[in-house]
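Encoded as structure tokens, the structure appears first; notes follow it.
No lab work stands behind these numbers, since they all come straight from the coordinates. Predicted model only: the values in this text are computed from it and were never measured. Here Cβ is always computed from backbone atoms with ideal geometry, including for glycine, and neighbour counts include all displayed protein chains.
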Amino acid sequence: MLSNIKKSDNKGFTIIEVMIVLAIAGLIILIVFLAVPALQRNARNTARRTDAGRIASSVNNFVTNNNGKLPTVTVGGGSTTDAASILTDAGTLGQYTLSAGTAVAPNTFTITTGTQAALTTADAVQLVEGATCSGAGTTTGSAKQMALEYTLEGGGGTIGACENI
């Protein structure tokens with residue numbers, strides 16, 4: 001009697017099994033799409049920090065090579081020889097190309113003096129003479145202090161960063 005029962009030869013997957021596999025694949029794709037932009041932003045921020053460190057090192061080299069003289073503040077519409085010297089010493093920068101200038105604009109390197117407002121322009125670097133880093137940009141310091149301000153990408157815009165030199 002048991003031998004009369006037909007064996008079922010159903011091959012393939014049930015609809016439930018297919019739906020579960022599709023749901024798992026969808027979750028994996030969602031996780032990848034959420035993680036990739038954050039990873040790219042972190043890579044760009046790392047490059048910005050590296051570039052800022054190279055500029056800070058170049059400023060220190062400038063001061064050392066010029067017997068303690070600080071770089072000259074940019075005046076007027078042209079670039080200063082001091083800023084150009086610092087940028088040349090920094091070499092090829094990974095994230096962006098900096099140029100000496102007077103306006104704090106994207107892809108510029110500016111030397112200013114005194115307390116400055118925190119940077120909000122992306123990819124700008126500002127060397128502030130006579131200032132130190134604080135939570136909201138720079139604050140007035142002694143004449144021989146310098147702070148290097150630059151921007152990083154945050155979740156919803158730019159975040160100011162600062163290093164004392």
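Key figures
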{"read-out": "HN-Hα J in Hz across region 150-165 - Karplus 6.51, -1.76, 1.60, θ = phi - 60°, x for Gly and Pro", "value": "8, 10, 10, 7, x, x, x, x, 9, 10, x, 10, 8, 10, 7, 10"}
{"read-out": "Order by protection proxy (mean Cβ within 10 Å, highest first), peptides 146-152, 156-162, 82-88", "value": "146-152, 82-88, 156-162"}
{"read-out": "Long-range amide H partners of Gly141 with built H, under 5 Å", "value": "Ala131, Thr132"}
{"read-out": "Ranked packing of 39-49, 20-30, 123-133, most packed first, by mean Cβ within 10 Å", "value": "123-133, 39-49, 20-30"}
